[in-house]
1. Does Leu173 satisfy the criteria of being under 30 Å from Val98 (Cβ atoms) and buried (at least 17 other Cβ atoms within 10 Å of the Cβ)?
2. Of Lys286, Lys311, Lys315, which residue is in a helix (DSSP H, G or I) and at pLDDT 90 or above?
3. Do we find that Gln176 is in contact with a helix residue (DSSP H, G or I) (Cβ under 9 Å, 6 or more places away or on another chain) and in a helix (DSSP H, G or I) in this structure?
4. Only one residue in Ser185, Ser166, Ser196 is closer than 30 Å to Asn259 by Cα and either loosely packed, with under 15 Cβ neighbours inside 10 Å or without any contact (Cβ under 8 Å) to a residue 12 or more places away in the chain (or both). Which one?
5. Can you tell me which residue is surrounded by the most Cβ atoms within 10 Å (Cβ to Cβ) among those in region 208-257 that are assigned to a loop (DSSP other than H, G, I, E, B) and either in contact (Cβ under 8 Å) with a residue 24 or more places away in the chain or charged (D, E, K, R) (or both)?
Amino acid sequence: MPAAPAQAMPAEDMQATQVFQPSEVPAAAPAQPATLPPTIPPLDQFADEEEPEEHEPRHQGGGKKNTGKTVGIVIAVVVVVALIAGGLFWWHSNSSKVSQAAALVECKAAAKQYDSAKKKLTTAITNGQTSAQTPTSDVADVNTITTLNQAVQDAGTPVDTATCDSKLSADELKKQTEDMQSKVSDAADKTDAINSAIKAVNASKKTANTNSLKSNLSSAVSQAQGILDNSAGNVADENTRTALQTAITEANTVASSSNPSEADVNNAISKLQKAEADVNASMQAKQKADADAAAQAEAEKKAQEEAAAAKAQKKAEEEADSSSGMNSDTGSN
């Protein structure tokens, strides 16, 4: 009987029949123990160095092993303490350097601020000395000049700026900084005092000038009012008096303002003077007209009188002649 053909074995069965041959597993890298900083050896290292040989009975070497561990721990603690002390020393050294550098920066900043404040104070002193030379007659309040002189005197001469030397310690630099900051404040106060005094003097000068302008305008108004009053009925043209009254009203408006400008005052005075001149001219014209009229009236009166006298004389002569003729006729008879 022919042999039955061999059936193909499934792939799974064939794999199952194969002899197991373990594949090569790559060798894993040896585990690296966690390391402490290089300056601190692991505690186990000291313990291992004192570890007794293998298979030594515990009841015989236990004390020696514990002693080794203790020594290792002590050494580690000493190392840690030394590292901490060194770190503190390093930190303190660097902290001092940082503190000195920061103090130097602050000192230079304060020096810059003081330079600026000193410059402003010097300018204020110069301006104050100039303003203090204002004549007392040019101010409304003499005390403003006195106050300015005192402020300039109090300011004195600004001191020089301190030097921020990098060789100085942090404490010395801080002291320099505090001193200059104090001087900055003092210089600012003195500058403000002088500038305020200068403003007071200028304001007093302006007040004095305003008072002078108002005084001049008031005098001009008084004079114009007198002319207006005296010219009533004495002008050839009444319109001139009307113009003068208008100028007086406008001048009073300017004089009553709190701070009239010099231009406004001068303009008002000019209008008054022109109106006064017109009124005076009109008064003179009327006086001339009146004089001319009076002279004419006198001449006419004189002419009339002379005519009347001549007429009377003629009449008398005629009467005399008539009487003489009558007498002559009577004698002849």
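The values are calculated or read from the model by the stated rules, or taken from the named source; none is laboratory data. Remember, it's a predicted structure, so these values are computed and weren't measured experimentally. Glycine also receives a Cβ, built like all others from the backbone with ideal geometry; neighbour counts cover every protein chain displayed.
1. It is true that Leu173 is under 30 Å from Val98 (Cβ atoms) and buried (at least 17 other Cβ atoms within 10 Å of the Cβ).
2. From the options Lys286, Lys311, Lys315, the qualifying one is Lys286.
3. yes
4. Being closer than 30 Å to Asn259 by Cα and either loosely packed, with under 15 Cβ neighbours inside 10 Å or without any contact (Cβ under 8 Å) to a residue 12 or more places away in the chain (or both) holds for just one of Ser185, Ser166, Ser196, which is Ser196.
5. In this case the residue turns out to be Val235.
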